[in-house]
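Everything below concerns the one structure shown next.
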Amino acid sequence: MVLLQEDDHIKGVVEKPVYRHDMNAGIYLLNPELRQRIPKGQRTDMTDLMTTLLAEKKRLLTYPIIEYWLDIGRHPDLELARAEFDVHFGDE
């Protein structure tokens, strides 16, 4: 619950808000000419490249993933994905 307050006086309460945002799944497709913008042998965060391209008024597109998706960047999440695979992708 969220408290509506003035100083230390509670003036009301409301249920927790629900926020809906599109999230970055970390899957990128680049035009071949953009690969030249990434220095060889140097770490480059995709968000930095995207910020640069946006500042240059380049067009970036998104593709929504509405299907099952799970970040497997941590070992426990990879194990969860393995355990859930047949539930989401097995024979129907």
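Ordered by the count of other Cβ atoms within 10 Å of each Cβ, fewest first, Met1, Met46 give Met1, Met46.
Here is how the number arises for the chain: DSSP H runs of 4 or more residues each give -39500 (n - 2.57), the sum is divided by the residue count, and the result at 222 nm is -9000 deg cm²/dmol. For the chain, the Kirkwood hydrodynamic radius from C-alpha pairs, put into Stokes-Einstein at 25 °C and a viscosity of 0.890 mPa s, yields a diffusion coefficient of 134 µm² per second.
Taken as Cα centroids, region 41-92 and region 1-21 sit 33 Å apart, rounded to the nearest whole angstrom.
Once both labels are positioned 7 Å from their Cα atoms along Cα-to-Cβ, the gap between Ile66 and Glu15 label points is 2.4 nm.
Laboratory data are not the source of any read-out in this text; all were calculated from the coordinates shown. Computed from a prediction, not measured in an experiment: that's the story for all the values here. For neighbour counting, all protein chains shown are included, and Cβ atoms are generated from backbone atoms with ideal geometry for every residue, glycine included.
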